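Scroll down for the structure; my scribbles are underneath it.
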Amino acid sequence: HNFSSGSGQQIVTVVPSKTKHSSLWNIREGHDQTPCTAGQKLTCGSRIRLTHISTGRNLHTHGIRSALSRQQEVSGFGEEGKGDGGDDWIITCEGSDTYWMRNRPFKLQHKDTRTYLSSNAQYQYNQRNCGGNCPIMNHLEVAAKATPDLETRWKVELGVHLSH
């Protein structure tokens, strides 16, 4: 959804439901990098872009403050997966993992700003901060913050690669 504050770019939110198609992202190589092969394991430390399946926009951040938490805004940027270096994220695995693994905690650190993708239930869109006809009612804000913590831990829970 485009939001009237901050950059005016498409806002990125998360919802608790794991069945929402709006939660699906395509993993791609980082900007100006060699294309990755579908189904190839990604090593921890890899630079990637995440392109939203429904909108074709890339997960992006820049120096603008986010609407609720006042951290760094995270937005959907570009068209059909085309964007810029502000779309690049580094996979930061926990523990001794060598590869980015489904159902294992990881962090995404933004390549340019060195901030970490985050979300917190305290920063939820509601009637008070978003209005009565809010299209993102009860969604949580996604932001980028300087310090990694529990709010910056994510897990990949779905994903299927079909080949023949």
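The values are calculated or read from the model by the stated rules, or taken from the named source; none is laboratory data. All of these numbers come straight from a predicted model, not from anything done at the bench. Counting neighbours? That spans all protein chains shown, and the Cβs are built from the backbone with ideal geometry, glycine included. Each accessible area value is taken on the protein alone, full model and side chains, heavy atoms only, with ligands, DNA and RNA left out. Shrake-Rupley method; radii C 1.70, N 1.55, O 1.52, S 1.80 Å.
Miscellaneous remarks
- Answer residue from region 138-156, given it is open to solvent by less than 30 Å² (accessible area, probe 1.4 Å) and under 12 Å from the mean Cα position of the chain (by Cα) and is farthest from Lys111 (Cα to Cα) among those: Glu141
- Among (1) touching a Lys or Arg at 6+ places or on another chain (Cβ under 7 Å); (2) open to solvent by less than 80 Å² (accessible area, probe 1.4 Å), the one test that Asp84 misses: (1)
- In region 115-137, the residues that are open to solvent by 30 Å² or more (accessible area, probe 1.4 Å), among the hydrophobic types (A, V, I, L, M, F, W, C) and within 14 Å of Leu150 (Cα to Cα): Ala121
- Here Gln10 qualifies as at pLDDT below 85 and open to solvent by less than 30 Å² (accessible area, probe 1.4 Å).
- Any chance Trp89 is at pLDDT 95 or above and within 14 Å of the chain's Cα centre (by Cα): yes
- Output for region 64-81, where each listed residue is more than 12 Å from the chain's Cα centre (by Cα) and open to solvent by less than 60 Å² (accessible area, probe 1.4 Å): Ser66, Ala67, Leu68, Ser69, Gln72, Gly78, Gly81
- Search result, residues across region 35-49 that are modelled with pLDDT of 90 or more, farther than 15 Å from Pro105 by Cα and part of a loop (DSSP other than H, G, I, E, B): Ser46
Quick grid of which residues meet (1) touching a Leu at 6+ places or on another chain (Cβ under 9 Å); (2) outside any strand (DSSP E or B); (3) farther than 26 Å from Thr37 by Cβ:
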residue: Arg102; (1), (2), (3): yes, yes, no
residue: Gln109; (1), (2), (3): yes, no, no
residue: Tyr123; (1), (2), (3): yes, no, yes
residue: Asn138; (1), (2), (3): no, yes, yes
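- Within the option set Ser75, Ser119, being in contact with a Ser or Thr (Cβ under 7 Å, 6 or more places away or on another chain), within 17 Å of Thr152 (Cα to Cα) and in a strand (DSSP E or B) holds for one residue only, Ser75.
- Total residues in region 102-137 satisfying the condition of being within 14 Å of the chain's Cα centre (by Cα) and of a type in the set (A, V, I, L, M, F, W, C): the figure is 3.
- Of all the criteria given as (1) within 14 Å of the chain's Cα centre (by Cα); (2) acidic (Asp, Glu); (3) assigned to a loop (DSSP other than H, G, I, E, B), the one not satisfied by Asp97 is (1).
- Matching residues in region 37-63 - criterion: being under 18 Å from Val156 (Cα atoms) and either surrounded by fewer than 16 Cβ atoms within 10 Å (Cβ to Cβ) or small (Gly, Ala, Ser) (or both): Ala38, Gly39, Gln40, Lys41, Thr43, Gly45, Ser46, Ile53, Ser54
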